[in-house]
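Read through the structure below, which is laid out as C-alpha cells, and then see the notes.
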Amino acid sequence: MRVLLSLFSALMLLVLVGIGGVAFALHHYAQGLPDYTQLKDYEPATLTRVHAGDGRLLAEFATERRIFVPISAIPKRVINAFLSAEDKNFYHHGGVDPEGIARALVEDLRHYGNGRRPSGASTITQQVAKNFLLTNEVSIARKIKEAILAVRMEQAFTKDHILELYLNEIFLGNRSYGVAAAALNYFNKSLDDLTVAEAAYLGALPKAPNNYNPVRNPEGAVARRNWVIGRMQENGAITAAEAEEARTQPIQLHRRDDAAQFNADYFVEEVRRTLTDLFGEKMLYEGGLSVRTSVDPRLQTIATRAMRAGLVSFDRRHGWRGPIGHMDQFDNWAQRLRAMPAPGGAEVWQMAVVLDVQPDVALIGLTDGTRGQIPMSELKWARRALDDDRLGSEPRHADDVLKLGDVVLVDLLPGQEAAKAAAVANGAGEGVKPDEIRAPGRSGKATRTVKTGTPPAGLNYGLRQIPEVEGGLVAMDPHTGRVLAIVGGFSAKISVFDRATQALRQPGSAFKPFVYLAALNNGFTPSSLILDAPFTASQGPGMPVWRPGNYEHNFLGPTPLRVGVEKSLNVMTARLANGIGMDKVAEYAENFGVVDKLPRMLSMSLGAGDTTVLRMATAYSMLVNGGKRIVPSFIDRVQDRNGKTVWRHDNRACPGCSNVAWSPALPVPVIPDDREQVADPRTVYQMVSILEGVVQRGTGRAIASLNRPLAGKTGTTSDSNDAWFVGFSPDLTVGLYVGYDQPSSLGTHETGASVSVPIFKQVMAEALADTPPTPFRIPPGLLMVRVNPQTGRPSQPGDRNSIWEAFVPGTEPGSHENVLDGSQGLSPGDAAGAAAMTDPDSMEPGSAAAGGLTPGVAAVPGAGTAAVTTNTGTGGLY
C-alpha cells in the first residue's frame, strides 16, 4: 500500500510539474506575440482591375494577384473542398484540433524512419495565424505560438471571418492569391461556375501548389484531387455519384478568355500614371480598385490599325532597309527561326526565313513550320533606301530584294486565312527539309539548289518592314473630354513613350485656327479681305529680318479670311496675327489649352510653339462643341474594394438619378451643363465652318470623298519634320501627327495632307460607318448668307460654287470691302482701322499691296521669332 501511495504521489508530482511546465511554456511564449486584433479589420492586398468602356478587362495591377471575395459570396462547394482537405473539424474546435493532432501523431508513427516529413496537424485558424502573424520557421516554438494565437483568435473572431481571411490570403500557385484569383487563372471561371472536380483541385493546392501542377505532374495532381474528392464524400459534402463523376473528369486548364480582355498598351499606361497621381502606388497595387475607363475597344482597334497602316505606307515610300536577320543553316529551320530574337514591333506580323528565291517569287518558311510565298507584286515597293532620301531602282526580280536565308517580316494577304488554317491543321511540321532547299556543304551551309518545296496553293504573304517613323493619335468625345482611343506609336514593344500625350512637337499650321478665331472675335468675318503678299517683320536689333513664305511659293493678293485657312497661307496668317496683335492670339491659344503660356513672337502664329496631340485634340474639341471647356480624361469612375465610388470624371449633381424606381413614364433627369464658355459660340461656329471648307476645298480635300460633315486642319512644320491633321465630326475629334523621334525631315514633298490626312480619313471612315451623317450644329444668333467662297462677296447670278456663310448680324459683307495690309496692329472694326485697311480697287498690279515682290517691313514691337521655324524666302508651314 505504501508503495502504491508513493507511486501515486510521484505520478501526481510529475503531472503537476508537467502542468507547471506547460503553463510556464505557454506564459513564456505568449509574451510578445503579434497583435492578432489587427486582423479584425484586415484588408488583404488586392489587385486593381482596369476595364474598358464596354466592360472588357484591360489590365490588372498587383503585387499579389488577389481578388477579395467575402465569405458570404464563396460557394459552399468551394468551402467544403478546402475544409475537407485542410480542417474538417473547423466549425467544431476552438483553434486547435486534438483529434487532428492525435490522427497526425498516429500517421507519423506509422511512417517513422522513412524520411517523410512529419504531419503538421495545423487547423485553418493556425494557418491563418502563421500566414498573417508569424514566419515559416519549422520549430516547436513557432507551433506553440501558432496554437496560442489560434485559440485567442477563435475567442475574438467568428469562424466565418477566420475562414474569409484564409480563403482570400492563401497562395495557390499560378500567380494566384486567394480562391477567386485561382478560379480565374486555372479555369477561367468565377467561383460560382466551378465543378466539384475543379473545386476539389483548388482544395488540393494549399499543401504544395507547385507539386500538383497538372502540366508538370499530371498524375500527382489527379491523385491529390481525387483524395480531396474522397474526403468531401466521406464528410457528406457530396454524394457518391457526384464523387464518382468528379473522379472521371480530367484536369483541364483554361487561359483567361481573350474575348473578355482587350489590349491597349498606351492607354493602360496613361491610366496607370493617372491612378498613381490620384491614389499613390500602394493603393494602385494593393487597394483592390475597380476602374472603368473611357476607352472604346472598337475605336481603339480602328485607330491602331489606321495609324500603323499610315506609318507603314509612309515608310514604304522611303525604301527597303533590308532583312532583320539571316540564317545560314537550315536543319530544323522552324525551330531555329522560333529561337531568333524578334525586334520590337515584330509582333504585328510574322517572322519568316527565305527558303528559295525564284525570278518572280520568294519561297518562305514560318515559325509554325508552314510555308508560303512572297509574289513579285509584293516586292515591287522594296526599292533600296539610299542616302539623302533617294531610292534605288525598282526591283525586277525577287533576288533584287531577298536572298536565301534572309529573315524577314511578312503578313498573310487578305483572303488567305482559310488556306493558312488548313496548312496548320494538316501538320506542316518543319515544312521543307534541308535537301529540299539547298544541298548543304560540309559546313552545313547552303550551296546550291536541288529541289524547291512548293507552298500550299494560295498561301501568299506580303513583305513588311518596321517603320522608323513614329507618331501619336488621340480620339475623344468633344462634348465630355472622354478619351476614346490613344495610339502612342507603332508598338509599345518598341517604346512605351506615349507620343500622343508626352511628345512635345510643333503643330505647324494646325495652330492657325486659333489665330483666325482671335481675329473673328476682334472684328473680322469669314469674308474679311487680308492681303496675301510678301511680308517681313523685324525681330529686333542685330536679328535677321523674318520672311515667312507660302508653301506654293505664290501670293494671292487680297484674299478672304476663309481662303487663308483653307489654303493654309502662311504670309496671310502672319500679316493677320501682326494686325490683331500676338497678345490676342496668345489669349485664345491659352484659353483653349493649346499651350500654357505662348511666347509673344510672331512666328508662333505659324505653330512654332511646342504642344501635344492630346492638347490639340482637346482644343479642337472645344471648337466643335461650341466653345465649351472640357478636361480630357481616361477614367470614368473608380470604385474601392467595397464598391464605393471614390472618384469620377463627371461630377455634376443629378438629384433625380438616385433612389428612383425606374418606370417608362418617368422623365429623363436633366443634368445641368456647367461647362465654362471659353469663346463666343457664334464665332466658334464660324471657325468650324471654315475648317469644314478645309476638307471640302482646301488642304484636306482628300477627306471629302467620305461625303459626310467633317472638318479639320493640316499642319506641316519647317523642313517637313512633322505632319499633322486635327479634325472632327460633330461628335468625334481625332488628332494626330507623324514624325521621327529625333526630329528630321520626312521628305521634301511630305506634308500633313500626304501623311496624316489618309490616317484621319481611314479612322473616320471606319468609326462612322453605318451611322447617318450629322451636320454641324449652328448656334442661335447667326445670319446665313450665300457668298462666293473665293471672293467673300455675296453670291451673284451665275455663281456656281456659292456656299452658306455664317455672319454675326450686322457684319455680313457688302459689295465693297477694305483689305488688311498689316501695316498697323488694328482690326477692321476699330474706328481708326481705315489707316490699316486698303481699298482693293486702288491697288496697282505688281505693287507690294497687290502681291508684288517688294514687301514693306512691319515692325513688331517686343516680338521676335523662333529660329527653329524661321523660313526665309520660299516655302513655309503647310
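Put the Cα centre of the stretch 468-490 next to the Cα centre of the stretch 300-350 and the gap is 24 Å. Scanning residues 5 or more positions from G472 or on other chains, those with amide H under 5 Å from its amide H are Y737, with H placed 1.01 Å from N in the peptide plane. Applying both filters, DSSP loop and at most 16 other Cβ atoms within 10 Å, to the chymotrypsin sites (Phe, Trp or Tyr not before Pro) of the stretch 37-85 gives Y42. Summary of the geometry: the stretch 42-67 and the stretch 357-386, compared by the centres of their Cα atoms, lie 44 Å apart. Close amide H contacts of I635 (hydrogens built in the peptide plane, cut-off under 5 Å, sequence separation of 5 or more or a different chain): S294. The H on the amide N of V646, modeled in the peptide plane, is under 5 Å from the matching H of V638, Q639, D640, each at least 5 residues off or on a different chain.
Using Cα positions and a limit of under 13 Å, work out the aspartates and glutamates in reach of K130, with same-chain residues fewer than 8 apart set aside. Partners within reach: D35, E146, E169. Sketch the reach of a paramagnetic label on S377 as a point 7 Å from Cα along Cα-to-Cβ, and name the residues of the stretch 388-404 whose backbone nitrogen lies under 20 Å away. Counting backbone N atoms under 20 Å from the label point, the list is 394-402.
Of K76/K189; K713/K761; K189/K644, which sit over 19 Å apart, Cα to Cα? K189/K644, as the Cα separations exceed 19 Å there. Note: relative contact order over the stretch 266-384, using C-alpha pairs below 8 Å and six or more positions apart, is 19 percent. Within the shell defined by Cβ-Cβ distances under 10 Å, the residues around V565 carry a net charge of +3, with Lys and Arg each +1 and Asp and Glu each -1.
Please give the net charge around P789, taking every other residue with its beta carbon less than 9 angstrom from that of P789, where Lys and Arg add +1 and Asp and Glu add -1.
In short, 0.
At a 10 angstrom cut-off on C-beta neighbours, averaged per residue, how do the peptides 628-637, 225-234 rank from highest to lowest? Don't skip to the end; give the middle numbers.
Details: 628-637: 19.1, 225-234: 21.0.
Result, highest mean Cβ count within 10 Å first: 225-234, 628-637.
Which percent of the accessible heavy-atom area of the stretch 237-291 goes to carbon and sulfur, probe 1.4 angstrom?
On the way: 1490 of 3140 Å².
C and S fraction of accessible area: 47 percent.
Net charge in the neighbourhood of F497 (other residues with Cβ under 11 Å of its Cβ; Lys, Arg +1, Asp, Glu -1) is -3. The listed peptides 364-373, 44-53, 744-753, ordered by packing as a protection proxy, come out as 364-373, 44-53, 744-753 (highest mean of other Cβ atoms within 10 Å first). Candidate cross-link partners of K628 among the aspartates and glutamates, defined by an alpha-carbon separation under 12 Å and a same-chain spacing of 8 or more, comprise D673, D674, E676, D680.
Distance from the Cα centre of the stretch 603-674 to that of the stretch 517-595, in angstrom? Here the answer is 33 Å between Cα centres.
Judged by the ratio a/c of the largest to the smallest principal axis of the C-alpha gyration tensor, the stretch 642-686 counts as oblate, that ratio being 1.5 or greater while a/b is no larger than b/c.
The values are calculated or read from the model by the stated rules, or taken from the named source; none is laboratory data. No experiment lies behind these values; they were computed from the predicted model shown. Here Cβ is always computed from backbone atoms with ideal geometry, including for glycine, and neighbour counts include all displayed protein chains. Each accessible area value is taken on the protein alone, full model and side chains, heavy atoms only, with ligands, DNA and RNA left out. Shrake-Rupley method; radii C 1.70, N 1.55, O 1.52, S 1.80 Å.
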